[in-house]
Structures are given as structure tokens and as C-alpha cells.
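Below is one structure, written out as C-alpha cells, with a few remarks after it.
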Amino acid sequence: HCESADLKAVAAEVARNFEPLARERGLEIFCRLPQDPVELFLDRDKIVQVFTNLTQNALKFTEKGRIEISIQPEPDGVRCQVSDTGPGISEKDLPKVFRKFQQFGPSPRGREKGTGLGLSLCKGFVELHGGRIWVESAPGGGSRFIFILPPLSAEGIFKEQVQRLLQEAVSHEQPLTLVTFSLEQWKLTLTGEDLKGSDVVLHRLEAVVRSSLGVESVVVAKRESTVWLALPEIAKTAAQDLAARVQKNFEAAVRVKLASYPEDGSLPEQLLSRLKAS
């Protein structure tokens with residue numbers, strides 16, 4: 001369930017959650033993060049779990065030193081890393097690290113023993129995002145768990161969600177409406193301060209949309225000047241009422257486009273083309 005999220009905020013949140021446990025064990029958690037937000041289209045809960053499992057694993061096996069969480073934008077995506085100053089992993093065990101129910105050596109005395117599923121789940125969640133994960137380690141040299149998340153496009157995520165929701169709507173003979181809310185004053189190419197200003201206003205627009213919804217919805221993506229929604233089981237007239245409330249309660253000019261099944265088409269391409277039409 002992907003939507004726009006700040007990966008930097010995710011990493012910082014996980015680090016804060018583990019700070020009390022790290023202090024209790026005489027360890028330091030250090031973050032090396034970019035100055036600006038790192039916006040990606042991702043399943044936030046799943047990526048929180050990846051960082052959580054990797055950090056928990058590092059804390060379990062590290063007796064002294066520190067844990068470092070870092071993220072770094074790269075040409076092919078965003079590189080994320082959780083490293084530790086623990087005992088490291090032998091070369092013969094490295095290929096087994098992400099298999100289910102694997103345990104490598106005893107945990108330090110008094111520390112919890114895991115199920116051996118955490119790293120396997122990390123691999124699965126990263127690969128569901130189209131990314132990859134690996135480990136670099138040597139005995140006595142600590143371990144570095146690294147994963148790269150690709151820059152998924154808003155259009156690609158939106159289309160995948162529409163395809164899934166439209167199949168369900170057709171199967172259950174229920175309506176489905178797609179809506180876009182676009183900020184009128186930030187159109188086409190956005191650069192510099194205009195882009196930053198658009199992002200702030202876009203977050204406010206999303207908050208207004210969420211507060212106006214009296215139904216379960218999917219906020220699929222935010223991109224540049226637009227919030228895209230898919231509204232299962234909502235007919236076009238109800239979505240038009242929602243759009244009117246948002247336009248009335250938002251302080252900036254907002255342009256709305258709607259496309260509904262079955263009125264406007266029964267194929268994803270038909271609905272999406274209506275959203276793109278001028």
C-alpha cells in the first residue's frame with residue numbers, strides 16, 4: 001500500500017524508538033541522514049519494520065560501540081544502511097543470513113533470542129518494493145546491512161492501485177471513483193522555492209482532504225502539485241460533494257478532476273485518460 005513518505009523521517013523515528021534501549025545497554029545510536037526530506041513512494045509500515053528489524057538485530061548482538069543508521073540518495077534509488085560494531089558474521093554464514101529460522105551464534109547473555117524470521121521478512125519487504133538487500137561483514141569487523149529502494153513513479157503506483165481496485169469493483173458490482181486535486185498556482189515545471197512552497201501547501205491540501213472524507217479511501221500519491229485519490233464504493237455524485245467541500249475549505253485555488261466506474265469506463269486506461277484530459 002504505497003504512498004508518498006519521507007524516508008528520512010522513517011529512519012529518524014526508528015532511531016528515536018531504540019534510543020532508551022541503546023542507552024540501557026551502554027550503546028549509541030547514530031543517524032547519518034541527508035539535510036532535506038527524502039520523498040519516496042513506499043509502504044511506510046513495511047519500511048519501518050525493515051529498519052526496526054535491522055536495528056533490533058544490531059542491538060541484540062552488539063555488546064559495545066554503536067549502531068549507525070544512514071540513508072543516501074543515489075542515481076538508481078536510495079541506499080539505506082544499518083551498521084554495528086558487533087562480532088560480525090563468518091564468510092561461510094553470509095549466504096544463509098536472509099533464510100528463514102537462521103541464527104548465527106548465541107545472543108549475549110541476558111538478551112532476547114529471536115525467531116530467525118526478522119531478516120527474511122526484511123528481504124521480502126524490500127523486494128516487494130522492487131529493491132535489493134545484502135549484508136557486508138567479517139568476524140570482528142561488525143556488520144553492515146544495506147538495502148536500496150528504487151524511485152517508484154507516482155503514475156506507476158497509481159495505475160497499479162487502480163487496476164486492483166477496479167477488478168474488485170467490477171467483481172462486486174460496486175462503484176469506484178478516482179479524484180485528483182491540483183493546486184492551480186503551481187502547474188507544470190516547479191523549481192527552487194516554488195517547489196518547496198508547493199510541497200508545504202500540498203501537505204495542507206492532503207490534510208483538508210483527509211478531514212473531509214467520511215468514507216474509507218486510499219490516498220495513492222502526492223506528486224508535485226497534485227494529490228491523487230482512489231475511492232472504493234463511492235459513486236461519482238458523492239465524490240463531487242467531497243470535492244466541493246475540499247474546494248470550499250481550502251485557502252488556495254484547487255482544480256478537481258473525477259473519473260468513475262461505471263459511468264466513465266470499465267478499463268484503467270479509460271479512467272486514467274479522463275484524469276489527464278484538460
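The values are calculated or read from the model by the stated rules, or taken from the named source; none is laboratory data. Since the structure is predicted, the reported quantities are computational estimates derived from the model, not experimental observations. All Cβ positions, glycine included, derive from the backbone under ideal geometry; neighbour counts span all protein chains shown. The protein model used for the area step is the full one, side chains on, heavy atoms only, and it has no ligands, DNA or RNA in it. Shrake-Rupley method; radii C 1.70, N 1.55, O 1.52, S 1.80 Å.
Just to be sure, is Val82 crowded, with 22+ Cβ neighbours inside 10 Å, among the β-branched types (Val, Ile, Thr) and in contact with a Leu (Cβ under 9 Å, 6 or more places away or on another chain)? Yes: the conditions hold for Val82. When segment 142-157 is examined, which residues are found to be at pLDDT below 70 and of a type in the set (Ser, Thr, Tyr)? Across segment 142-157, the qualifying residue is only Ser153. For segment 238-278, a tally of residues being under 18 Å from Ser225 (Cα atoms), part of a helix (DSSP H, G or I) and open to solvent by less than 50 Å² (accessible area, probe 1.4 Å) returns 4. Scanning segment 47-69 for residues that are open to solvent by 30 Å² or more (accessible area, probe 1.4 Å) and more than 15 Å from Lys8 (Cα to Cα) yields a total of 7. For segment 158-206, filtered to residues that are at pLDDT below 75 and among the aliphatic types (A, V, I, L, M), the residue that is most open to solvent (accessible area, probe 1.4 Å) is Leu188.
Each residue in segment 25-34 was checked for being open to solvent by 90 Å² or more (accessible area, probe 1.4 Å) and farther than 19 Å from Phe51 by Cα, and 0 of them qualify. Any chance segment 85-104 includes a residue that's more than 17 Å from the chain's Cα centre (by Cα), basic (Lys, Arg), surrounded by fewer than 17 Cβ atoms within 10 Å (Cβ to Cβ) and in a helix (DSSP H, G or I)? The answer is yes, given that some residue of segment 85-104 is more than 17 Å from the chain's Cα centre (by Cα), basic (Lys, Arg), surrounded by fewer than 17 Cβ atoms within 10 Å (Cβ to Cβ) and in a helix (DSSP H, G or I). For segment 115-149, the set of residues classified as touching an Asp or Glu at 6+ places or on another chain (Cβ under 8 Å), in a loop (DSSP other than H, G, I, E, B) and open to solvent by 30 Å² or more (accessible area, probe 1.4 Å) consists of Ala138 only.
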